[in-house]
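Here the structure is laid out as structure tokens; the discussion comes afterwards.
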Amino acid sequence: MHEQDGQPRRRTRTGIKAALIALLLLLASAGALIAAANNPKPGITVQVSPASQSVQQGQSAAYTVTLTSTGGFSGAVSLATAGLPAGTAGAFTPSSVTLNSGSTATATLNATTSATTPAGTNTVTITGTSGKVSGSVAASLTVNYKMTTAFSVAATPDSVTVPPGATAVYTLQLTRNNFPNSVSFSVLGGLPAGATATFSPNPVTGNSSTLQVATTAASPSGNFNLYLVGTGKDSAGKSQYAYANVQLVLDSTIKQFALSGNVPGTLSPGSSAGLDLQISNPNNKSLSLTNLSVAIAGVTRSADAVAKNLACTAADFTLTQYSGPYPLVAPAGSSSLSGLLVAQSAWPRVGMLDSSRNQDGCKGATLQLTYSGSGQGN
């Protein structure tokens with residue numbers, strides 16, 4: 001009986017010993033975690049300014065690269081790039097920096113393009129390396145074709161602010177220097193994820209076009225610089241290029257107001273009509289509108305024109321944008337240009353061109369118009 005009574009006591013002592021060992025291991029692990037937290041891994045952070053650059057072929061772009069020691073890192077850091085376009089040389093000044101614990105150092109990256117560097121937007125990765133420790137950052141380099149003197153492009157407004165999911169509208173104006181040929185437009189780079197760009201008309205035989213940038217609800221908020229290029233061939237068949245830059249600001253905190261309008265009556269060749277824009281402001285305070293734009297999204301021909309295969313496109317029509325004063329104060333709720341006492345001469349207008357070609361396809365056609373605007377709450 002005594003031996004049986006002693007066995008449980010021996011097992012109890014053994015269990016206590018195992019528990020103590022487990023507790024010691026747990027405390028040791030916790031101590032290691034605390035020590036790791038108090039002694040972070042040495043590292044290097046890399047930052048670049050500006051984040052994007054746009055140059056013509058043969059020009060150079062300069063970036064300021066800032067390197068910072070983290071986790072007590074110290075040592076010499078060499079710099080390198082990846083992703084530069086063909087025909088582009090990258091050089092750092094200085095080529096390496098020395099960091100002490102917690103210190104910061106800067107260098108300059110000069111990316112020099114050549115006449116043969118392909119046009120387009122490139123992601124350039126800048127890396128600082130010291131042994132097994134490294135850090136990197138991405139920058140953008142947009143290379144444009146050499147600018148022509150045959151024509152130039154101006155875009156207005158310079159910047160449009162809309163919430164993700166909205167459409168921003170810009171007007172492009174061509175100034176020609178004895179250049180009678182058509183000009184085609186495209187966005188060379190800078191569009192946010194999920195956004196699409198449409199020019200109307202495109203190509204342009206006149207002197208103006210409208211750019212619509214349609215974003216999605218998933219497009220990221222932020223500032224985006226759009227690089228616009230106009231391309232046309234001269235009498236010798238050589239391509240000529242001109243550029244314009246605009247900014248798109250996506251702000252998810254903005255409540256989207258609505259614009260609408262209708263073409264009154266029927267358009268005939270050579271006629272035009274003003275658009276009394278309707279403004280729906282969902283905010284509980286007035287808005288100061290700083291941009292109002294209209295664009296032709298499409299043309300729906302009559303059934304008879306379709307059956308007879310008669311053409312009618314956006315190129316058969318013309319738009320004149322709002323020319324009234326800014327800011328235009330729109331109260332909460334619904335309002336209109338006429339209700340805000342804007343003169344009809346300042347309203348946007350849509351007209352039908354009087355062309356020498358057959359325009360019978362436009363009889364009974366319906367225009368699809370899109371509207372865009374930006375503003376701030378008062």
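The values are calculated or read from the model by the stated rules, or taken from the named source; none is laboratory data. Please read all numbers here as calculations on a predicted model, not as lab measurements. Quick reminder, even Gly has a Cβ in these numbers, built from the backbone with ideal geometry, and neighbours come from all protein chains shown. Accessible surface is based on the protein model in full, side chains and every heavy atom, while ligands, DNA and RNA are left aside. Shrake-Rupley method; radii C 1.70, N 1.55, O 1.52, S 1.80 Å.
Overview of results
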| read-out | value |
| --- | --- |
| Of all residues in region 275-291 being at pLDDT 85 or above and touching a Ser or Thr at 6+ places or on another chain (Cβ under 8 Å), the one that is most open to solvent (accessible area, probe 1.4 Å) | Gln278 |
| Enumerated strands (runs of 3 or more DSSP E) restricted to region 81-164, each holding at least 2 residues that are without any contact (Cβ under 8 Å) to a residue 60 or more places away in the chain | 89-93, 96-99, 104-112, 120-130 |
| Whichever residue in region 184-219 is among the β-branched types (Val, Ile, Thr) and assigned to a loop (DSSP other than H, G, I, E, B) and, among such residues, is surrounded by the most Cβ atoms within 10 Å (Cβ to Cβ) | Thr215 |
| Yes/no for Thr121 being open to solvent by 10 Å² or more (accessible area, probe 1.4 Å) and more than 15 Å from the chain's Cα centre (by Cα) | no |
| Which listed residue is under 25 Å from Thr161 (Cα atoms), out of contact with any Lys or Arg (no Cβ under 9 Å at 6 or more places or on another chain) and either buried (at least 17 other Cβ atoms within 10 Å of the Cβ) or basic (Lys, Arg) (or both), from Leu340, Leu328 | Leu328 |
| Conditions (1) among the acidic types (Asp, Glu); (2) within 24 Å of Thr156 (Cβ to Cβ); (3) open to solvent by 70 Å² or more (accessible area, probe 1.4 Å): number failed by Asp354 | (2) |
